[in-house]
Structure formats: structure tokens, C-alpha cells
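This report concerns only the one structure given below.
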Amino acid sequence: MNEQQKTNGSSIEEQNRLLAALKVAEERSAMLAAIVNSSDDAIISKNLEGIVTSWNLSAQRIFGYCAEEMIGESIVKIIPEDRLEEEPKILSVLKSGLRVDHFETKGRLNKGN
């Protein structure tokens, strides 16, 4: 076996390993998406600027906004006026690399629903 054949063989083996790892990652991603989508809890993600990046069906049911109305919008859209000071504090903690412990808060519902 010459060097070219060895290189091609190991390259094919590496590609097969990468494809197998990608398949596992896709399966895990699909499973996590199913868990989030079937949850009775509102599951919302946002970036460090407070912009909503995901919004599950329970968030829609609870807050009255569909994903299309919230993704790309500021999370303050659902924060009551008397709680607006919470958001900058939360973002500051997250930006410093710390975790935010669980805490109880309230959300503002879509008046149109």
C-alpha cells in the first residue's frame, strides 16, 4: 500500500467517524427539541442583549405571543413595568459569566388574546 492509499483510507475513516458523530448530534438535537416543544412550561431563550432567540408553544399559550412575534424582539415585551429593573441585573450577572439562580417573577400577557 502506497502513501496515497494510506492517506485516502484514513481520510475515509475520518469522514465516516465525523458522519457518525454528526448523526448522533442531530438525534440528540431532535430529542431536546421534542422535550422543549412538548413541555407545559414556557421555555424561552435570549441572547446577552435580551433579545428572544427561541420561544416554545407553552410560552405562546402562557403569554399569548407566537414565536414569530417574539423571536428577534426584546424580552422586555413580556416584563411588567414594575419588574423592568430585573432584566439589566440578570443580563449583567450572565455577562460576568455567573449563573442566575431560580427566582420567581411575573410576565406580561398579550392584551390581544
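The values are calculated or read from the model by the stated rules, or taken from the named source; none is laboratory data. Bear in mind the structure is a predicted one, so any value in this text is a computation, not a measurement. Neighbour counts are summed over all protein chains in view; Cβ atoms, including those assigned to glycine, are modelled from backbone coordinates with ideal geometry. The area values use the complete protein model at the heavy-atom level, side chains included, leaving out ligands, DNA and RNA. Shrake-Rupley method; radii C 1.70, N 1.55, O 1.52, S 1.80 Å.
Things worth noting here:
- Applying the condition of being basic (K, R) and over 23 Å from N37 (Cβ atoms) to the range 64-113 and asking which residue is modelled with the highest pLDDT yields K95.
- Residue list for the range 41-62, filter: of a type in the set (K, R) and open to solvent by 70 Å² or more (accessible area, probe 1.4 Å): R61
- So N37, is it part of a loop (DSSP other than H, G, I, E, B) and polar (S, T, N, Q): no
- Taking residues in the range 51-64 that are under 9 Å from D40 (Cα atoms), and partners anywhere that are part of a helix (DSSP H, G or I) and open to solvent by 30 Å² or more (accessible area, probe 1.4 Å), the pairs with Cβ atoms closer than 8 Å and at least 6 places apart or on different chains are L57/N37.
- On inspection, S38 fails the criterion of being surrounded by 10 or more Cβ atoms within 10 Å (Cβ to Cβ), more than 30 Å from N110 (Cβ to Cβ) and of a type in the set (S, T, Y).
- V100, sole failed condition from (1) open to solvent by 60 Å² or more (accessible area, probe 1.4 Å); (2) free of Cβ contacts under 8 Å to residues at least 12 places away in the same chain: (1)
- Which listed residue is open to solvent by 60 Å² or more (accessible area, probe 1.4 Å), in a helix (DSSP H, G or I), of a type in the set (A, V, I, L, M, F, W, C) and modelled with pLDDT of 95 or more, from L22, L32: L22
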